[in-house]
């Protein structure tokens, strides 16, 4: 009983301390926070908004996705900083699309500024996320730092705490009030992701003195995407894939640590079933370019089909249907990408005739970047089939070629 | 010169013709008239058509209840008949006045086009076609049923007669068209033609699957894919209109081209809005159907180079 009341006491003290720190942080730094608004010029209403914070007297950090519509069509939007009741114009100085960051030039702020922390917190340490959820006003949300996000290509802090839309671009700070990262995304209950301070510091480091013309950002984004796909695909292309069997197909067991894999099989209920075993691996993160345009995804799917109980032609009919429709995994509109061009042929892969389809579409604004869809299905001798496919978005021709070659050589019928 | 009174129905079609040589013609509902009207809105003695001493015909209203209207709908008391084919309305009865020197339309020839297609009327042919088309539908039903459906696939065969009936709409339309134009409807020939064309189409689909599997990028195959469906459709419309009694070759040709072009114009209209997902050839058959040598990985990758040139344009 005594122990229990002691524990309770400790818990209350901890909560009290926590609340105390939150209050302190908020009251100290409230002035250095702002609501970043993208205002539509015709209607003079905001079309999107997020949070931002001062890291230097004239520099504000926010998310790229908060301001992307402005960069897309600067002639129809205006970028506004709302601090309390005052509204001021903002300019974009630098962006990092890969880490979803943007650096803005804002009117000089004379009060206290946010400073970046020396290092990341320890796992379990308290962090406080600041921002403007759903435009309801600036809030502080306490959370717990839980290490770097696992199985992720992009470094993200995993914070257990509630992030809501509108808090994007706001800072997450440690108990001392130093910035450990920028709020960026949430997935379900209390799972929040924060861009680490190293990426923020790097962006501040390369920021130019004056704001570049809006047209220059397209080229900048293109370079960042090209560099990112190079970093992502180089290890995949360089490593020897560890292969395993899926039926009589040979498929990679793991491709890269940042890709998560899933398996699925349909258990045969009746005699005339087409049995299938599927494996798929995907990078679960995509790069935000605009509301309808995402890139940077990699997805691979493998399927083994066995229809021993079916007549050959019947098996083949259903087998062929499975490869009739392949889709690209990333969202895009006709404004962003060209239509797909496809080449299809029967190719000899590891001594087995295989129907191979290869489709490409180009990015209209970012030349040299493509979405690629590949599907291969072994021509069946008996009622067995093997389908392999991959889809890449935002890759260079060289990398797409190299991955296709590697795929055609290794992912084969044994 | 004799005068002719033609009674017209509400569509302006003739329902009766009277020819007179006397100089007074009485028109009305009572039985002592020369032209007896059935229309209850006309009077017993409604109007009189008479010739004066100069040979000029005059239509005079006999103070009727609903009057005599000219072709503009104006009420007239007395009106000279100056031109051929003037129409009047007595009550609700329309009539047209002509003179015997009116030139008649040229003689319509008896339709002859169908004679070369008389073999299409053969009943054994029609039955064979129906059986073959039904067999193909049944085969496809069987093909698509797997799992639990595989045991019950034959239940779906009940649908086949209804699907076949849908294909009767086109021959029925052409037969009606021919009937309206006072030609032989040739319904059985039209049905045989439609199902013959349908059978050809189904056979072509099977051949296309095999050709596509073996000769994916062969230029001849790509050309055939465009030509054969066009020819099959053109045959359907050309012979269909011929059987329906379309006499003029130019009309037959224009109608055929217009309807056949739908095969091209509909996909063209759809292609105006860009499709962002890939479409490609994916014919796949068992290994026994493969007669060509598969290409190598190298050759395939060289071919993909051109895709990048296409999307970069």
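With a Förster radius of 60 Å, plug the Cβ-Cβ distance of residue A:190 and residue B:152 into 1/(1 + (r/R0)^6) and report the FRET value to the nearest 0.05. Before the final figure, lay out each step's value.
Details: r = 49 Å, r/R0 = 0.82.
Efficiency, rounded to the nearest 0.05: 0.75.
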Going by alpha carbons, how many degrees (0 to 90, nearest 10) lie between the helix axis of A:397-410 and the longest principal axis of chain A? 50
With r defined as the distance between the Cβ atoms of residue B:104 and residue B:250 and R0 fixed at 25 Å, what FRET efficiency is calculated, to the nearest 0.05? 0.50
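Compute the orientation-averaged projected area for the protein assembly as shown from the convex hull of its Cα atoms and round it to one decimal in nm². Display every interim value, and only then the final one.
Numbers: hull surface 219.8 nm².
With the hull built on Cα positions only, its mean projection is 55.0 nm².
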Could you work out how far helix B:123-144 tilts from the main Cα principal axis of chain B, as a 0 to 90 degree angle to the nearest 10? 50
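What is the ratio of the Cα radius of gyration of region B:1-107 to 2.2 N^0.38 Å, with N the residue count, to two decimals? Don't skip to the answer; put the middle values down first.
Numbers: Rg = 13.0 Å, N = 107, 2.2 N^0.38 = 13.0 Å.
Dividing the Cα radius of gyration by 2.2 N^0.38 Å gives 1.00.
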Using 0.36 nm times the number of residues separating residue B:163 and residue B:74, minus their current alpha carbon distance, what extension gain do you get? 26.6 nm
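Let me check against my output: what whole-number percent is the relative contact order of chain A, with C-alpha pairs under 8 Å and at least 6 apart? Please report the intermediate quantities before stating the final value.
On the way: 934 pairs, mean separation 47.8, N = 414.
Once normalised by length, the contact order is 12 percent.
Report relative contact order for region A:214-321 in percent, whole number only (criteria: Cα-Cα under 8 Å, sequence separation at least 6). Before the final figure, lay out each step's value.
Details: 125 pairs, mean separation 21.3, N = 108.
After rounding, I find 20 percent.
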Ellipsoid equivalent to region A:21-212 - semi-axes via the Cα gyration tensor, in Å: 25, 17, 16
Along Cα→Cβ, 7 Å out, is where each label goes; now give me the distance between the ones at residue B:17 and residue A:151 in nm to one decimal. 9.1
Separation of alpha-carbon centers, region B:129-162 and region A:316-355, rounded to whole Å: 29
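Count, for each residue of A:364-377, the Cβ atoms from other chains sitting within 10 Å of its Cβ, then give me the mean as a whole number. Write down the numbers at each step before the final one.
Numbers: counts 1, 0, 0, 1, 2, 0, 4, 3, 4, 3, 1, 3, 0, 2.
Across A:364-377, the average partner-chain Cβ count within 10 Å equals 2.
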Could you give the nm distance between label points at residue A:175 and residue A:211, where each point is 7 Å from its Cα heading toward the beta carbon? 4.0
Chain B - percent relative contact order, Cα under 8 Å, separation 6 or more: 11
Taking N as the number of residues in region A:318-414, what value does Rg over Cα atoms divided by 2.2 N^0.38 Å take? 1.14
If packing is taken as the average number of other Cβ atoms within 10 Å across a peptide's residues, how do A:355-363, B:25-33 rank, most packed first? A:355-363, B:25-33
Using only the alpha carbons, work out the radius of gyration and Dmax of region A:71-179 in angstrom. 15.6, 46
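For A:409, A:299, A:75, what ranking results if the residue with the fewest other Cβ atoms within 10 Å of its Cβ goes first?
A:75, A:409, A:299
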Mean Cβ-within-10 Å packing, highest first, puts peptides B:238-244, B:51-57, A:172-178 in the order B:238-244, A:172-178, B:51-57
Cα extents of chain B per principal axis, largest first, Å, are 103, 52, 39
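What ratio of Cα Rg to 2.2 N^0.38 Å holds for region A:79-135? List each step's numbers first, then the result.
Working: Rg = 14.7 Å, N = 57, 2.2 N^0.38 = 10.2 Å.
Here the Cα radius of gyration is 1.44 times the empirical estimate.
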Give me D for region B:231-313 in µm² s⁻¹, whole number, from Stokes-Einstein with Rh from the Kirkwood sum over alpha-carbon pairs, 4 °C and 1.567 mPa s. 74
Cα convex hull volume per residue for region A:187-303, in Å³, equals 191
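Output the peptides B:275-287, B:225-237, B:291-303 sorted from most to least packed, where packing is the average of other Cβ atoms within 10 Å over each peptide's residues.
Details: B:275-287: 18.3, B:225-237: 16.2, B:291-303: 14.5.
Descending mean neighbour count gives B:275-287, B:225-237, B:291-303.
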Tell me what chain B gives for mean residue ellipticity at 222 nm when only DSSP H runs of n ≥ 4 count, each as -39,500 (n - 2.57), the sum divided by the residue total, rounded to 500 deg cm²/dmol. -14000 deg cm²/dmol
Treating chain A as a set of equal point scatterers at the Cα positions, no solvent, please give the Debye-formula log₁₀ I(q)/I(0) at q = 0.09, 0.10 Å⁻¹. -0.66, -0.78
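Per residue of B:295-306, how many C-beta atoms from partner chains lie within 10 Å of its own C-beta, taken as a mean? Provide the component values of the computation, followed by the final result.
Numbers: counts 6, 4, 10, 3, 3, 13, 8, 0, 5, 14, 3, 3.
Mean shielding by partner chains, rounded to a whole number: 6.
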Using only Cα atoms and rounding to the nearest 10 degrees, what angle (0 to 90) does helix A:214-238 make with the longest principal axis of chain A? 50
Peptide A:314-322, shielding by other chains (average Cβ, 10 Å cutoff): 4
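From the C-alpha gyration tensor of region A:223-413, pull out the three semi-axes of the equivalent ellipsoid (sqrt of 5λ each), sorted largest to smallest, in whole Å.
Details: eigenvalues 184, 61, 49 Å².
Semi-axis lengths for region A:223-413 are 30, 17, 16 Å.
Hey, what D do you get for region A:232-285 in µm²/s if you plug the Kirkwood alpha-carbon radius into Stokes-Einstein at 37 °C and 0.692 mPa s? Each step should come with its number before you reach the end.
Working: Rh = 13.1 Å.
For the chosen part, D equals 251 µm²/s.
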Divide by every residue of chain A the summed helix terms, -39500 (n - 2.57) for each DSSP H run of at least 4, and state the resulting mean residue ellipticity at 222 nm, rounded to the nearest 500 deg cm²/dmol. -8000 deg cm²/dmol
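Computed from the coordinates by the stated procedures, all read-outs in this text should not be read as laboratory data. Quick caveat: nothing in here was measured; it's all calculated off a predicted structure. Cβ sites come from the backbone with ideal geometry, for glycine too, and all protein chains shown count toward neighbours.
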